[in-house]
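Structure, as structure tokens:
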Amino acid sequence: ALAQLLDDFSVANNSSGTVTVPPLGAAKMSFTIAPSGPSSTIPQAITVSIADMPEGVGYSLTPTTIASGQGAANLTLDIYSPIQASFKHEKGPRDMTPMMLSLLVLPFAGLFRQRGRRITCRLLLGAVALCAALTLSSCGSQLVVSSNTVTVTATSGNLTHSTTFQLVIN
């Protein structure tokens, strides 16, 4: 008879099976990778990766590698909505509205001096109406709700274990 003991590990989702990320929001999830079998430590280094994350959704997984000889390890996954992710990487000024409004009025600067107060009031009123129309045109837009199955995979040598969760962008 031959008795052979295998060192293995498991991946567990400590959070809910479904996570919802609101617009301009973020969500946090946690996972545990624990050794199983005769050893109480991880025999070989483990690499963790994320698959099937929707395009445009930002995320940060820490750590992505677990060293050998370590006991159970906790992972944290931060997920950012597509809108929040785009703000996070934006460089430069965030609000250009005052500059754009001043550029709208600039071509009419000569008319302000020539025609007097009546034309000035009409142009100013027209500029305000244009800004209001542009603002209202975006009121009908909607953020599309999507639901995706995301996979967290841990690999150590020839061993691979995964866990999944539903990601809802709302």
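Once phi is turned into θ = phi - 60°, what whole-Hz ³J(HN,Hα) does the Karplus curve with 6.51, -1.76 and 1.60 give for every residue of segment 65-81, x standing for Gly and Pro?
Using θ = phi - 60°, the values come out as 9, 10, 6, 5, x, 8, x, 4, 10, 9, 10, 10, 10, 9, 10, 10, 4 Hz.
With Cβ to Cβ distances under 14 Å as the rule, what net charge do the other residues near P43 carry (K, R +1; D, E -1)? Write out the running numbers ahead of the final one.
Details: positive: none; negative: D7, D8.
After counting each charged neighbour, the total is -2.
How many percent of the accessible area of segment 1-84 is carbon or sulfur, using a 1.4 Å probe?
That share works out to 51 percent.
The values are calculated or read from the model by the stated rules, or taken from the named source; none is laboratory data. Since this is a predicted model, take the numbers as computed values, not measurements. Ideal geometry is used to build each Cβ from the backbone, glycine not excepted, and the neighbour counts take in all protein chains shown. Please note that ligands, DNA and RNA were not included when accessible areas were found on the heavy atoms of the full protein model with its side chains. Shrake-Rupley method; radii C 1.70, N 1.55, O 1.52, S 1.80 Å.
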